[in-house]
Amino acid sequence: MRVLVTRPAHSAEKTAQRLRDMGHEPLLLPLRQPLHDSAAAARALAAGSGPIAVTSAEALRVVSALGETLRPHLGRPLFAVGEATAKEAESLGFRSVSSSLGNGRDLADLIAAQKADGLLYLAGLPRAETFEQGLRDLGIRFSVAECYRMQPAAPGPAAIEALFSAGRPEAILFYSRQTADDFFRLPDLRTALPEVGEIRLLCLSEVVAQAIPADLKDKATIAPMPDEKSLLSLL
């Protein structure tokens, strides 16, 4: 099956290999690219010694650039959304990593259950408010360091034509509300979709699926859990 991956390039390459291992043909079309601010992350880390939270592995890629500056912080408790993000934190050397299986609200509940407080949230833009609202609801003190921004990376007509020259996708993977919005705002991408009902629009979560246009809702399927393993199980 030809599967279109709309993730940023770094993550998309890993997804592409998983798809090949499953016998699918990946088509990579990054619609966002990260702009890192490692200095902002370094300042925020230096300002405290309490627990850290991340809701995306992109934040960990930011701090991975800090090198020796990161070393004194590797013993701080780190809370992450999802097993994959937790593993990335462990690969950087964080020694006390806990992860939630669901969304940002689930992570807030986990932090409350472990009685963590004075949290540093390494965040990006744009982002959902789910995690921060959950922390407020639970009375957990936190600060936010915005250390990366996901910028639109709209492909031109020639790039789209080249990508689909060997055949159009039979399924599209959407990992975020922003990239799904980006996809359906680009007329060249919308018109590249098959007109008949072969296309499958696979969404990581209910929030992501909200970006699917009304006339295509019947082609959308939501992953049972908001992680890549569940999303790929839909293929």
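Below, the figures for the structure above:
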quantity: Cβ pairs under 6 Å, 6+ apart, first in the range 98-122 and among the small types (G, A, S), second open to solvent by 70 Å² or more (accessible area, probe 1.4 Å) and assigned to a helix (DSSP H, G or I); calculated: S99/E83
quantity: The lone exception for V97 - which of (1) surrounded by 23 or more Cβ atoms within 10 Å (Cβ to Cβ); (2) at pLDDT 95 or above it fails; calculated: (1)
quantity: Some residue of the range 164-178 being acidic (D, E) and either in contact with a helix residue (DSSP H, G or I) (Cβ under 7 Å, 6 or more places away or on another chain) or outside any helix (DSSP H, G or I) (or both); calculated: yes
quantity: Unmet criterion (only one of (1) open to solvent by less than 50 Å² (accessible area, probe 1.4 Å); (2) at pLDDT below 95; (3) among the charged types (D, E, K, R)) for R2; calculated: (1)
quantity: Subset of the range 168-183 that is touching a Pro at 6+ places or on another chain (Cβ under 7 Å) and open to solvent by 30 Å² or more (accessible area, probe 1.4 Å) - its residue that is modelled with the lowest pLDDT; calculated: R168
quantity: Residue check, R105 modelled with pLDDT of 95 or more and out of contact with any Pro (no Cβ under 6 Å at 6 or more places or on another chain); calculated: no
quantity: Where a residue in the range 215-232 is under 16 Å from A86 (Cβ atoms) and its partner, wherever it lies, is outside any strand (DSSP E or B) and among the β-branched types (V, I, T), with Cβ under 8 Å and at least six apart; calculated: E228/T15
quantity: Members of the range 64-112 found to be part of a helix (DSSP H, G or I) and of a type in the set (D, E, K, R), listed by number; calculated: E68, R71, E83, K87, E88, E90, R105, D106, D109
quantity: Test: residue in the range 117-135 that is more than 27 Å from A39 (Cβ to Cβ), assigned to a loop (DSSP other than H, G, I, E, B) and not hydrophobic (A, V, I, L, M, F, W, C); calculated: no
quantity: Condition met for R136 (among the charged types (D, E, K, R), under 30 Å from A9 (Cβ atoms) and surrounded by fewer than 19 Cβ atoms within 10 Å (Cβ to Cβ)); calculated: no
quantity: Options R177, R136: the member that is under 16 Å from the mean Cα position of the chain (by Cα), under 25 Å from T55 (Cβ atoms) and basic (K, R); calculated: R177
quantity: Residue check for E88: charged (D, E, K, R) and surrounded by 14 or more Cβ atoms within 10 Å (Cβ to Cβ); calculated: yes
quantity: Hey, Y121 among the aromatic types (F, W, Y), more than 23 Å from D181 (Cα to Cα), modelled with pLDDT of 95 or more and open to solvent by less than 50 Å² (accessible area, probe 1.4 Å) or not; calculated: yes
quantity: Residue count for the range 207-232, restricted to those that are in contact with a Leu (Cβ under 9 Å, 6 or more places away or on another chain), surrounded by 13 or more Cβ atoms within 10 Å (Cβ to Cβ) and assigned to a loop (DSSP other than H, G, I, E, B); calculated: 5
quantity: The range 32-63 - residue that is part of a helix (DSSP H, G or I), open to solvent by less than 60 Å² (accessible area, probe 1.4 Å) and of a type in the set (G, A, S) and, of those, modelled with the lowest pLDDT; calculated: A57
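The values are calculated or read from the model by the stated rules, or taken from the named source; none is laboratory data. This one's a predicted model, so the numbers in the text were calculated from it and none came from an experiment. Quick reminder, even Gly has a Cβ in these numbers, built from the backbone with ideal geometry, and neighbours come from all protein chains shown. Heads up: the accessible areas ignore ligands, DNA and RNA and are worked out on the full protein's heavy atoms, side chains in. Shrake-Rupley method; radii C 1.70, N 1.55, O 1.52, S 1.80 Å.
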